[in-house]
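Undergrad: This is the structure I have questions about; it appears just below.
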Amino acid sequence: MITREYSEQEIERRDSLEKLKELGIDPYPAAEYEVNAYADEVKKNFAPDAEVRQVSMAGRIMSRRIMGKAAFCELMDSTGRIQLYVKRDDIAPDEDKTMYNTVFKKLLDIGDFIGVKGFVFTTKTGEISVHVQELTLLAKSLRPLPVVKQKDGQTYDAFTDPELRYRMRYVDLIVNPEVRERFIKRTKTFNAFRKFLNEKGYLEVDTPVLQSIPGGAAARPFITHHNALDIPLYLRIANELYLKRLIVGGYDGVYEFSRNFRNEGMDRTHNPEFTVMEVYVAYKDYNWMMEMTEQLLEFTAMEVNGTTKVHYRGNDIDFKAPYPRMTMTDAIKKYADYDITGKSEEELRAACRERGLNVDETMGKGKLIDELFGELCEGHFIQPTFIIDYPVSMSPLTKMHRSEKDMTERFELMVGGKELLNAYSELNDPIDQLERFQEQMRLSEKGDDEAMFIDQDFVRALEYGMPPTSGMGIGMDRLVMFLTEQETIQEVLFFPQMKPEQKASDSAGEQSNQ
């Protein structure tokens with residue numbers, strides 16, 4: 001059994017809990033509480049000359065100011081805060097004044113959930129408020145909140161420590177309203193994608209998270225074991241190969257918001273668990289996909305923020321279409337002062353080392369070129385820019401370029417110095433695909449633990465015939481970072497992955513204000 005010591009404030013709240021029970025008040029009632037109004041809507045729609053409006057509201061107590069037989073307090077619901085005016089003789093009109101004198105004044109605390117019924121009015125200072133006529137305790141809070149205090153222009157007890165905020169996101173959401181708004185924008189981003197793609201007639205689908213072969217990307221997977229089948233399984237690193245199987249099956253367009261897992265490092269732009277949206281459309285190529293991508297991102301920015309412009313890491317970025325295009329070869333020529341055309345693996349490795357890049361013998365041509373671009377070129381692309389026409393050694397699932405030797409029809413979109421999405425004209429030649437998989441196996445044998453497995457079933461699917469297809473995958477978390485102007489991925493994930501706590505932290509409770 002896990003036990004811990006309670007703070008003085010927690011002990012007081014637990015004592016209040018017991019006293020409420022002794023008074024016959026259930027601190028956690030099960031009955032439904034009818035809510036017909038919300039803080040933001042009440043304040044927006046209030047009209048001084050309108051008929052008096054009766055409301056029933058619920059939320060947390062966030063502040064109290066008791067003045068004898070009356071009090072002001074602040075109620076916070078899911079939309080914002082509104083002031084309550086509580087008068088003893090209104091909520092306890094008979095001779096028994098216990099509800100006000102004991103319950104409201106002594107046994108309720110900041111953080112408790114209450115329900116109130118009353119009418120909307122304005123105070124002498126002009127603040128829109130609710131005059132409470134009935135008050136009900138809905139849930140007792142046993143831990144004090146870190147309520148921010150302002151004094152002499154200074155802010156105290158702000159809940160700003162990143163580690164505490166990420167570990168206790170529930171507290172972060174309570175006391176930092178801008179965080180709640182950020183995650184509302186995240187949902188708006190996903191909804192905008194669905195609206196755009198659904199209007200084109202594409203089908204949203206689900207594909208397996210547990211896979212016998214971790215295909216569709218070059219990444220290190222998480223491995224688990226299925227007891228009943230007695231086989232190893234992998235958490236998916238991508239959903240690409242399953243979605244292309246559905247194109248083989250006859251759908252013209254499919255998409256999926258895929259929760260992916262990669263057993264790799266963590267930093268401000270990478271979490272081992274992340275969300276990608278992938279879309280595949282039959283009878284299209286990467287040129288068409290570039291145009292659709294521009295339209296999708298412009299549409300989404302407008303849906304989420306009402307503008308195509310964002311400010312990110314000191315730069316003003318505009319998602320207004322169209323976006324410029326540059327080949328990978330030209331980008332490396334310009335920013336790394338090196339022409340990769342026709343270069344061998346040994347020449348590429350030497351070029352990387354001459355430029356101070358950390359490379360080793362396990363890295364094939366694709367990874368060496370990727371190192372040159374990623375370390376020396378990527379950071380220069382702040383405005384949305386398509387980097388197109390990647391070497392075949394970097395693109396094992398991509399159709400060969402129709403006119404450029406040793407190149408593929410692939411593009412990535414760079415924004416703010418980072419890759420945001422990846423797309424191709426999809427490889428649909430099963431013979432070529434099997435040879436590409438076999439090359440990946442040779443890289444694996446050299447020690448590349450991110451090389452792709454051979455997926456024989458996917459090759460079999462291609463042998464039944466897949467039409468010309470274009471596909472695109474976009475990192476949703478990174479897009480939300482741009483649209484909400486956040487510099488770390490942890491700020492746009494409700495519960496980012498973190499190291500285990502060494503010691504249970506009660507810091508949030510210790511920052512309370514009664």
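Undergrad: Of all residues in region 176-216, which are closer than 20 Å to PHE261 by Cα, of a type in the set (S, T, N, Q) and surrounded by fewer than 17 Cβ atoms within 10 Å (Cβ to Cβ)? Give the derivation first.
TA: Residues of region 176-216 closer than 20 Å to PHE261 by Cα: 186, 190, 205-216.
Among the residues that remain, those that are also of a type in the set (S, T, N, Q) are: 207, 211-212.
Selection gives SER212 alone.
Undergrad: Go through region 379-425 and give me each residue that's hydrophobic (A, V, I, L, M, F, W, C) and more than 30 Å from the chain's Cα centre (by Cα).
TA: Initial filter on region 379-425 (hydrophobic (A, V, I, L, M, F, W, C)): 381-382, 386-388, 392, 394, 397, 400, 407, 411, 413-415, 420-421, 423.
Within region 379-425, VAL392, MET400, MET407 qualify.
Undergrad: Surrounded by fewer than 17 Cβ atoms within 10 Å (Cβ to Cβ), among the aromatic types (Phe, Trp, Tyr) and over 19 Å from VAL459 (Cβ atoms): is that true of TYR251 in this structure?
TA: Answer is yes for this residue.
Undergrad: Quick check on this structure: which one of THR155, THR125 is β-branched (Val, Ile, Thr), part of a loop (DSSP other than H, G, I, E, B) and at pLDDT below 95?
TA: Residue meeting the stated conditions: THR125.
Undergrad: Using the structure shown, decide if ILE474 is closer than 22 Å to MET266 by Cβ and of a type in the set (A, V, I, L, M, F, W, C).
TA: Against the criterion (closer than 22 Å to MET266 by Cβ and of a type in the set (A, V, I, L, M, F, W, C)), ILE474 qualifies.
Undergrad: Kindly provide the set of residues from region 159-169 that are within 15 Å of GLN497 (Cα to Cα) and either open to solvent by less than 70 Å² (accessible area, probe 1.4 Å) or aromatic (Phe, Trp, Tyr) (or both), ordered by number.
TA: Passing the criteria: PRO162, LEU164, ARG165, TYR166, ARG167, MET168, ARG169.
Undergrad: Also, quick follow-up: Residues being part of a loop (DSSP other than H, G, I, E, B) and out of contact with any Ser or Thr (no Cβ under 8 Å at 6 or more places or on another chain): count how many of those fall in region 231-282.
TA: 12
Undergrad: Considering region 428-450 alone, what residues qualify as being surrounded by 22 or more Cβ atoms within 10 Å (Cβ to Cβ) and either over 16 Å from GLY215 (Cβ atoms) or at pLDDT 95 or above (or both)?
TA: Once the filter is applied, which keeps residues that are surrounded by 22 or more Cβ atoms within 10 Å (Cβ to Cβ) and either over 16 Å from GLY215 (Cβ atoms) or at pLDDT 95 or above (or both), region 428-450 yields nothing.
Undergrad: Sticking with this one: Of the residues in region 217-239, how many are of a type in the set (Val, Ile, Thr) and buried (at least 21 other Cβ atoms within 10 Å of the Cβ)?
TA: Of the residues in region 217-239, 1 are of a type in the set (Val, Ile, Thr) and buried (at least 21 other Cβ atoms within 10 Å of the Cβ).
Undergrad: Can you tell me which of (1) of a type in the set (Ser, Thr, Tyr); (2) at pLDDT 95 or above; (3) open to solvent by less than 20 Å² (accessible area, probe 1.4 Å); (4) within 30 Å of PHE190 (Cα to Cα) is the one THR329 doesn't meet?
TA: Looking at each condition in turn, THR329 falls short on (4).
Undergrad: Could you say which residue among PHE453, PHE482, PHE386, PHE411 is out of contact with any helix residue (DSSP H, G or I) (no Cβ under 7 Å at 6 or more places or on another chain), at pLDDT 95 or above and either surrounded by 15 or more Cβ atoms within 10 Å (Cβ to Cβ) or more than 26 Å from SER212 (Cα to Cα) (or both)?
TA: Every option except PHE482 fails the conditions.
The values are calculated or read from the model by the stated rules, or taken from the named source; none is laboratory data. These figures come from a predicted structure and were not determined experimentally. All Cβ positions, even for glycine, are placed from backbone atoms using ideal geometry, and neighbour counts span all protein chains on display. Areas reflect the complete protein model, heavy atoms only, side chains present, ligands, DNA and RNA absent. Shrake-Rupley method; radii C 1.70, N 1.55, O 1.52, S 1.80 Å.
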